[in-house]
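K.L.:
Handing you a structure now.
The values are calculated or read from the model by the stated rules, or taken from the named source; none is laboratory data. Here the structure is a predicted model, which is why all the values come from computation and not from measurement. Here the Cβ positions follow ideal geometry from the backbone for every residue, glycine too, while neighbour counts run over all protein chains shown.
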Amino acid sequence: MAAVAVVVVAVLGIAATGGGWRALHRDADASPVADAHAPAATDVGATPASAAQDAGFSMARSSLRGSEVDGGLAFDATGHVVPDLAMRRLFDYFLSLVGERDPAQIRDLLRTFLQSRYDVARAAEALAYFDRYVAYLARLAEARLDALASPQDRFDRTVALRRDLLGETMATAFFADEEARGRLTLARMRIAGDTALSADEKARRLAALDADAGYTQRQEADTASLVAAQDGELARTHADPRQRAEAREALWGREAAERLAALDDARARWDARVADYLQARARIDADPRRSPADRARAVAALRAQRFDAAEQRRIVSLEAIGQLKPGG
């Protein structure tokens, strides 16, 4: 059961940051709205919409062409923008273009989208939230929390970073559900790794913990994010198949462990697709006839050919945080 203690928790939110986003980074205070406390939304160096259009940049010329914009904005009784999960989905949708377009273009595309649907004041408010979110993502990448050995330390540092850069209201709106799942999983890890408890006592305490949290099923064990995080940590410690199975069964039960074993096969197929994409991208990068802009367009087209919209966002995120070397 020693491998149980190293199971990591996928509770750190979106992992899509990169050097390009640091051009949008600024210091942020605890207030989530850009009024007297935060810089105006137009302070970050964004290209005017007309200039972006003149340069040929538009949704139709990006890998998002043909897709439906995910997310939206909510407003309070006074008409001010209220952060929620739909806002985060909206931001993540546009940020999936990281690596394909520069930060100013991405921000400008979002601004154009917002101004086509809301008045200037509401669009500016939403952009101020966007700037805070990007600043948080950039700081998260710089912090390199993945180097911390303890899942609890990674969780605590990430939660603190969110409150520092986003403020309590925005951090809660964007990440409350993820953090609740993270706390539950960490608590399960502590129980499963307690060598003083018998197997029956562990099972009883785990069941009670799930019941208190309102979970009738262990759905966390079935999510791709937890599978990736857990397997990554087990791989880091060179867990053998028996240890892997024991760790999964101790935390999630036998049925879930069997489902996760089946997901291993699916993940192997995904890894093969990614390897094929990386080989094709390397050929594009090595072509001396291509300009940097041409390489970026070709890589974006390659992603669109090999992956669906959700998979493309995942690939871009992996490239942005250095899990895949960015191409283009």
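K.L.:
Identify all residues within segment 233-252 that are of a type outside the set (Asp, Glu) and farther than 16 Å from residue 186 by Cα; write none if there are none.
P.N.:
First, pick out the residues of segment 233-252 that are of a type outside the set (Asp, Glu): 234-239, 241-245, 247-248, 250-252.
Within segment 233-252, 235, 236, 237, 238, 239, 241, 242, 243, 244, 245 meet the criteria.
K.L.:
Pick from 258, 319, 233: which is more than 22 Å from residue 180 (Cβ to Cβ), modelled with pLDDT under 80 and either out of contact with any His (no Cβ under 7 Å at 6 or more places or on another chain) or not small (Gly, Ala, Ser) (or both)? Break it down stepwise before answering.
P.N.:
Details: 258 fails: modelled with pLDDT under 80; 233 fails: more than 22 Å from residue 180 (Cβ to Cβ).
Just one listed residue meets the conditions, 319.
K.L.:
Here are some conditions: (1) closer than 18 Å to residue 152 by Cβ; (2) modelled with pLDDT under 75. Residue 209 meets all but one. Which one does it not meet?
P.N.:
All conditions pass for residue 209, except number (2).
K.L.:
Something else now. Let me confirm something: among 123, 171, 135, which residue is modelled with pLDDT of 95 or more and over 24 Å from residue 68 (Cα atoms)?
P.N.:
171
K.L.:
Of the residues 156, 146, 76, 119, only one is free of Cβ contacts under 8 Å to residues at least 60 places away in the same chain, touching a strand residue (DSSP E or B) at 6+ places or on another chain (Cβ under 7 Å) and either surrounded by fewer than 22 Cβ atoms within 10 Å (Cβ to Cβ) or more than 23 Å from residue 324 (Cβ to Cβ) (or both); which?
P.N.:
Numbers: 156 fails: touching a strand residue (DSSP E or B) at 6+ places or on another chain (Cβ under 7 Å); 146 fails: touching a strand residue (DSSP E or B) at 6+ places or on another chain (Cβ under 7 Å); 119 fails: touching a strand residue (DSSP E or B) at 6+ places or on another chain (Cβ under 7 Å).
On inspection, the qualifying residue turns out to be 76.
K.L.:
Still on this structure, please answer the following. Please verify whether residue 185 is of a type in the set (Ser, Thr, Tyr) and at pLDDT 90 or above, treating the condition exactly as stated.
P.N.:
Numbers: of a type in the set (Ser, Thr, Tyr): yes; at pLDDT 90 or above: no.
Answer is no for this residue.
K.L.:
Could you tell me how many of the residues in segment 95-106 are assigned to a helix (DSSP H, G or I) and buried (at least 24 other Cβ atoms within 10 Å of the Cβ)? Break it down stepwise before answering.
P.N.:
Keep residues of segment 95-106 that are assigned to a helix (DSSP H, G or I), which gives 95, 103-106.
Next, only the ones that are buried (at least 24 other Cβ atoms within 10 Å of the Cβ) stay: 95, 106.
Count: 2.
K.L.:
Of everything in segment 275-297, what is among the hydrophobic types (A, V, I, L, M, F, W, C), crowded, with 18+ Cβ neighbours inside 10 Å and either at pLDDT 90 or above or farther than 18 Å from residue 96 by Cβ (or both)? Give them in sequence order.
P.N.:
Our first condition is that a residue be among the hydrophobic types (A, V, I, L, M, F, W, C); within segment 275-297, this holds for 275, 278, 280, 282, 284, 286, 293, 296.
Then drop every residue that is not crowded, with 18+ Cβ neighbours inside 10 Å, which leaves 284, 296.
The answer is 284, and nothing else.
K.L.:
Restricting to segment 212-230, what's the tally of residues that are assigned to a helix (DSSP H, G or I), at pLDDT below 65 and exposed (fewer than 13 other Cβ atoms within 10 Å of the Cβ)? Break it down into steps so the answer makes sense when it comes.
P.N.:
Going through segment 212-230, the residues assigned to a helix (DSSP H, G or I) turn out to be 212-213, 219-222, 224-230.
Keeping just the survivors that are at pLDDT below 65 gives 219-222, 224-229.
Of the ones still in play, those that are also exposed (fewer than 13 other Cβ atoms within 10 Å of the Cβ) are 219.
Adding up the residues that qualify gives 1.
K.L.:
Right, next: Can you tell me which residues in segment 184-209 are among the charged types (D, E, K, R) and either in contact (Cβ under 8 Å) with a residue 12 or more places away in the chain or in contact with a Pro (Cβ under 8 Å, 6 or more places away or on another chain) (or both)? Explain how you work it out, then say what you get.
P.N.:
Kept after step one, since they are among the charged types (D, E, K, R), are these residues of segment 184-209: 188, 190, 194, 200-202, 204-205.
If the condition is that a residue be among the charged types (D, E, K, R) and either in contact (Cβ under 8 Å) with a residue 12 or more places away in the chain or in contact with a Pro (Cβ under 8 Å, 6 or more places away or on another chain) (or both), then 188, 202, 205 are the ones that fit.
K.L.:
Take the conditions modelled with pLDDT of 75 or more, of a type outside the set (A, V, I, L, M) and surrounded by fewer than 17 Cβ atoms within 10 Å (Cβ to Cβ) and apply them to residue 240. Does it pass? Can you show your working first?
P.N.:
Values: modelled with pLDDT of 75 or more: yes; of a type outside the set (A, V, I, L, M): yes; surrounded by fewer than 17 Cβ atoms within 10 Å (Cβ to Cβ): yes.
Taking the combined requirement at face value, the residue satisfies it.
Residue-by-condition table, conditions (1) farther than 23 Å from residue 318 by Cβ; (2) assigned to a helix (DSSP H, G or I):
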residue: 113; (1), (2): yes, yes
residue: 117; (1), (2): yes, no
residue: 132; (1), (2): yes, yes
residue: 135; (1), (2): no, yes
residue: 140; (1), (2): no, yes
residue: 162; (1), (2): no, yes
residue: 165; (1), (2): no, yes
residue: 171; (1), (2): yes, yes
residue: 176; (1), (2): yes, yes
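K.L.:
Restricting the search to segment 67-111, which residues are touching a Gly at 6+ places or on another chain (Cβ under 9 Å), among the β-branched types (Val, Ile, Thr) and at pLDDT 95 or above?
P.N.:
Listed by number, the list is empty, since nothing qualifies.
K.L.:
Let me ask something else. Give me the pairs: first residue in segment 302-314 and without any contact (Cβ under 8 Å) to a residue 12 or more places away in the chain, second residue crowded, with 16+ Cβ neighbours inside 10 Å and part of a loop (DSSP other than H, G, I, E, B), beta-carbon distance under 8 Å, and six or more apart or on different chains, which are they?
P.N.:
Pairs that qualify, where the first residue is without any contact (Cβ under 8 Å) to a residue 12 or more places away in the chain and the partner is crowded, with 16+ Cβ neighbours inside 10 Å and part of a loop (DSSP other than H, G, I, E, B), are 314/307.
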